[in-house]
Every structure is written in C-alpha cells, then in structure tokens.
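Encoded as structure tokens, the structure appears first; notes follow it.
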Amino acid sequence: MVTIIGGGIAGTILAGTLARAGLPATVYERRSAVDAGAFLTLDSRAHAALGELGIERDTGRGTRW
C-alpha cells in the first residue's frame, strides 16, 4: 500500500501509474472539491511523458464546453 499526500496532477498521475502496475494506493487531499476555474496547460513534452506512462491524450470527445 502506497500513501500519496495531495491529489493534484502529480498525486493523481502517481496513483494511476501505481494502479496500472498493480500496486494499491490511497490519495489524501485536503480540499473537498476542485475550485471553479482550476485548469492545467500541458506542452508537447508533458503529453509525451504522459503517453509513456500509458495515459492517452484527451481528444475532447464527450467533453461539454
């Protein structure tokens, strides 16, 4: 069991990566919900790194704008 403190982008990615490897993880986050307007911009290097972790790029399909 791995304990992750913080449910931001790093904690979420780490938990997903560990789950894919078959390792259980628990994520603890202080905030009960994401504040309105929270966003993250990723450049091509970040997309490449996420792809190497097996996380597919979001194409926006099914997203409501």
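The values are calculated or read from the model by the stated rules, or taken from the named source; none is laboratory data. Quick caveat: nothing in here was measured; it's all calculated off a predicted structure. The protein model used for the area step is the full one, side chains on, heavy atoms only, and it has no ligands, DNA or RNA in it. Shrake-Rupley method; radii C 1.70, N 1.55, O 1.52, S 1.80 Å.
Worth pointing out:
- Out of T17, T59, T12, sole residue that is modelled with pLDDT under 85, of a type outside the set (A, V, I, L, M, F, W, C) and under 12 Å from the mean Cα position of the chain (by Cα): T12
- Those residues of the range 2-21 which are open to solvent by 60 Å² or more (accessible area, probe 1.4 Å) and not in a helix (DSSP H, G or I), in sequence order: T3, I5, A21
- Residues of the range 20-56 satisfying the condition of being of a type in the set (F, W, Y) and modelled with pLDDT of 80 or more: Y28
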